[in-house]
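This report concerns only the one structure given below.
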């Protein structure tokens, strides 16, 4: 399942968390991975780890809010591995931790710049690269915040909801062009971003650990497995889908 041998796949936000776990899993599944992140040292370390395990990877530094850097990132992935078969957009920014009336325009702009505008820019360049070669598969890491409201997170919820609109719109535009676009909606996942939020609030920690039927926080590799499936031919009839990987939090209510 999920054999990606010979595929060239780009992963943004790949220096840590879900992006890193995904890049490592894709490489272990035979893909040549372009590791993209704004943090060069951590990104290079991920590439070194993949190579030391026998995988194939290269690093590109990128700020996903910068159109020229995003275009360069996609071009570098094509130069490194010949073409682009798939992409994972995992770069993102967390919630402000403020109630709605305390949010500022800066808070909103910062969330939209990375979580919405950044994904738009990445998808635009990735789609342009894939269409001439007959298509490909794009996966966007959204969040259950795209479909649920969470306290102190209106900025984050809004940006992630918007991202899923981009996913569905792009999927509809290119459904007959060999290009599939899907979103993954992780529940609470043990990433550096969530760890910082939980350390700042015991109430948030309790919600994260008990808010789903499985009563635990996911490991990044569990999200990566869903991404790998959506990138592979095993999901060839799936597009415009929002796949919740959240321990049952979206659909199950248990005592």
So, in region 146-159, exactly how many residues are in a helix (DSSP H, G or I) and touching a strand residue (DSSP E or B) at 6+ places or on another chain (Cβ under 8 Å)? 1
Got a sec? Which of 119, 181, 167, 140 is closer than 22 Å to residue 248 by Cα and in contact with a strand residue (DSSP E or B) (Cβ under 6 Å, 6 or more places away or on another chain)? 140
Which one of the conditions (1) touching a strand residue (DSSP E or B) at 6+ places or on another chain (Cβ under 7 Å); (2) without any contact (Cβ under 8 Å) to a residue 60 or more places away in the chain; (3) surrounded by 16 or more Cβ atoms within 10 Å (Cβ to Cβ); (4) under 21 Å from residue 70 (Cα atoms) does residue 131 fail to meet, given that it meets all the rest? (3)
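Given the options 143, 137, 159, 111, name the one that is more than 17 Å from residue 182 (Cα to Cα), crowded, with 24+ Cβ neighbours inside 10 Å, within 20 Å of the chain's Cα centre (by Cα) and touching a residue at least 12 places away in the same chain (Cβ under 8 Å).
From the options 143, 137, 159, 111, the qualifying one is 111.
Values quoted throughout were computed directly from the atomic coordinates according to the rules given, and no laboratory measurement underlies them. These figures come from a predicted structure and were not determined experimentally. Neighbour counts run over all protein chains shown; Cβ positions are idealised from the backbone, glycine included.
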